[in-house]
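The block underneath contains the structure these notes are about, expressed in structure tokens.
What follows is calculated from the coordinates using simple rules that are stated; it is not laboratory data. If you're wondering where the values come from, they're calculated on a predicted model, not measured in any experiment. Positions of Cβ are backbone-derived with ideal geometry, glycine not excepted, and every protein chain shown enters the neighbour counts.
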Amino acid sequence: MRSTLPYDPRSDVLREAGWVERVGRRAIASLSETWALCATLKNAISSDFAPGLAARKLVHGVMLTQVMFTGVQALSLVSVIGLLIGASIIIQTNMMVPADGELIGRVLVAVVLRELAPLITAIVVAGRSGTAIATELGNMKVNSEVLALSSLGVDPLRYVVLPRMVGCIVSVVALMIYFSIVSLSAAFALGILSSGASLSSFQQGVAGSVMPHDLVLFFAKGLGLGTIVGWLSCHFGLEVKSSPTEVPQQASRAVVMSLLGCVVYNTALTAGFYWLVGPPMPAP
Amino acid sequence: MKDGLWLEDTSFRYGNLWVLRETELHVPPGRTLIVTGDNGVGKSTLLYVCAGLLPASAGHVWLDGHLAAGKKPSELMREGVRRGFLFGQGGLLSNLSALSNVTLGLRYHADVFGIDEKEINARARAALGQLRVAQTDFHALPAHLSLGVRKRVALARALALDPNFVFLDDPDGGLDSATRHLVYERLEGFRDDSKITVVIATNSRQLIDRLGIHPLELAHGHLLPEDESRRSRRA
């Protein structure tokens, strides 16, 4: 056992078990993992309401830094992806319905605004910042930094998890808006140049298909996807116990689970939302 | 009122491996406890349990009458339990400079201490100065500091909080002679302070002799005086 670390790998050695016991153990492990996941989210959110004006001020500073790392520094990558996605959608739609600016506008709203902007932005943030967050927190666990924070009277969930979660939420929402603008602009420009469709027909198509409730869905997706990425990345980072070899394992787990969570959430929200409010596109 | 550190029927285990079994212990304010023990026996874990950084598997740990575990760290601080902890490798936050490591706890609890930014900086610089950390190292990241400087910064971080509990894990491990003596001087200061409860985990005979305190040995989950522990092992 390493004397400086609060974990002993030998304690994980289990005796040979029958299949009933194995199933039971797995069920208990899954339940406790789900419980721990929910506890991370609940405790991180509730930590913002804990007393301490000085702590709040300090944590808000960390949040701004996180928005800088997760949002501002991802702008160039999101610009390139948004530009190329807009271009590829125009290439495909041009082949199907050349010079129909209004229809292309409707397709762009359905594909870019409603689906791709939230999902691709969340994937970029998960791939870029999710790994960084999980790795950073894992290393903090290995180096006893999380224990050190507690010893200083600093709540790790408030100082470490909450700012990263908020940073991810703010960044995903802001990058979604930015992605939509870049992608639609690129599609308009390429559409006008390649198919000769007019700008006004594009605008007509977009304006005609954007519903007020699309805004609700757009921001619900942004908030949810940002939370999923920040929450899971922090949770799996803090799951590291004592060994540096666990850090890449948990970082990979954080990204995989974040991506899976984002896709499931995005699909479920789309299906549930339109089941409730009806089909988004008015008949042409 | 349970002043100082109290372990009440406290046990701790990692899976099937017992570190501490049904232990009763009281270290009043102004007293120093030194714990020795073989490598891997759980001395550091004992410190974590005593400081409330790890919850006990059974029993209770009290710090000045407050339950050490089960509360948010900031709640303990607000209740007046100020813990200074020196980790074996320093435990400095790797993304903060030496100075920021020392100011972090002060800044987080500036409203509790009733201090402003100017005083935070003054206290941090004074603590670093007491441990003779060079001004040129104030803005360096821990990765760019030697182990000796990291340990001195960590000790300054503990000192800056004006602690009433100090937990030290292998405080002189890996230090050169000059740094070791500097750390010893500071530890003598803690030992002689009637308001501070000190727990030290070490196997350094030099440190034990210097502090002149009879240590307890941790073995098989039990804390016993060293000579008694040896006798029981021989038996």
Cα lying deepest toward the dipole's positive end in chain A, options A:Leu184, A:Ile28, A:Ala122, charges on Cβ
A:Ile28
Could you size up the charge dipole of region A:52-277 around its Cα centre, putting +1 on the beta carbon of Lys and Arg and -1 on that of Asp and Glu, and report it in debye to the nearest 20?
400 debye
Entries in A:Lys57/B:Lys71; A:Lys42/B:Lys118; B:Lys72/B:Lys151; A:Lys141/B:Lys43; A:Lys57/B:Lys118; A:Lys241/B:Lys118 that, when Cα-Cα distance is taken, lie over 28 Å:
A:Lys42/B:Lys118; A:Lys241/B:Lys118
Report, in degrees rounded to the nearest 10, the 0 to 90 angle that the Cα long axis of helix B:177-192 makes with the longest principal axis of chain B.
70 degrees
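Averaged over peptide A:58-67, how many Cβ atoms belonging to another chain are found within 10 Å of each residue's Cβ?
1
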Proximal aspartates and glutamates to B:Lys2, defined as alpha-carbon separation beneath 17 angstrom and excluding residues fewer than eight positions away on the same chain
B:Glu24, B:Asp64, B:Glu79
Any aspartates and glutamates whose Cα falls less than 13 Å from that of A:Lys221, other than same-chain ones fewer than 8 residues away, would be A:Glu115
Considering chain A as a Gaussian network with a 10 Å cut-off on Cα pairs, which listed residue, A:Arg114, A:Arg128, A:Arg26, attains the greatest mean-square fluctuation?
A:Arg26
For chain A the mean separation of alpha carbon contacts under 8 Å (6+ apart) over residue count, i.e. relative contact order in percent, is 30 percent
Report the equivalent ellipsoid semi-axes for region A:52-277 in whole Å, largest first, defined as the square roots of five times the eigenvalues of the gyration tensor built from alpha carbon atoms.
39, 16, 15
Compute, for the protein assembly as shown, the length of the dipole vector about the Cα centre, with Cβ point charges of +1 (Lys, Arg) and -1 (Asp, Glu) only. Units Debye, rounded to 20.
280 debye
Gyration tensor on Cα atoms of region A:174-284, a ≥ b ≥ c root eigenvalues, a/c under 1.5 rounded, else prolate if a/b beats b/c, else oblate, says prolate
Least to most buried among B:Tyr14, A:Tyr159, by other C-beta atoms within 10 Å and fewest first, runs B:Tyr14, A:Tyr159
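So what is the 222 nm mean residue ellipticity for chain B from helices alone, if each DSSP H run of at least 4 adds -39500 (n - 2.57) and you divide by all residues, rounding to the nearest 500 deg cm²/dmol?
Mean residue ellipticity at 222 nm (helix-derived): -11000 deg cm²/dmol.
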Top of A:Ser88, A:Ser258, A:Ser150 by mean-square fluctuation, Gaussian network on chain A, Cα under 10 Å:
A:Ser150
Sequence order, region B:151-168: Karplus ³J(HN,Hα) from phi using 6.51 cos²θ - 1.76 cosθ + 1.60, θ = phi - 60°, Hz rounded, Gly and Pro as x, gives 5, 5, 5, 5, 5, 5, 4, 5, 5, 4, 7, 6, x, 9, 9, 10, 10, 10
For chain B, averaging the sequence separation of alpha carbon pairs under 8 Å that lie six or more residues apart and dividing by its residue count, the contact order in percent is 28 percent
How many percent of all Cα-Cα pairs in the protein assembly as shown sit more than 43 Å apart?
31 percent
Taking the Cβ of each residue in A:Ile104, A:Ile90 as the centre, tally the other Cβ atoms inside 10 Å and list the residues starting with the fewest.
A:Ile90, A:Ile104
Once the mean 1/r over all distinct Cα pairs of chain B is inverted, what Kirkwood radius in angstroms do you read off?
18.2 Å
Of the candidates B:Pro29, B:Pro55, B:Pro225, which one comes out as most mobile in a Gaussian network treatment of chain B with C-alpha springs shorter than 10 Å?
B:Pro225
Sorting A:Thr70, A:Thr93, B:Thr136 on the 10 Å Cβ count, fewest up front, what's the list?
B:Thr136, A:Thr93, A:Thr70
Taking Cα atoms only, helix A:246-277 is inclined relative to the longest principal axis of chain A by an angle, in degrees rounded to 10, of 40 degrees
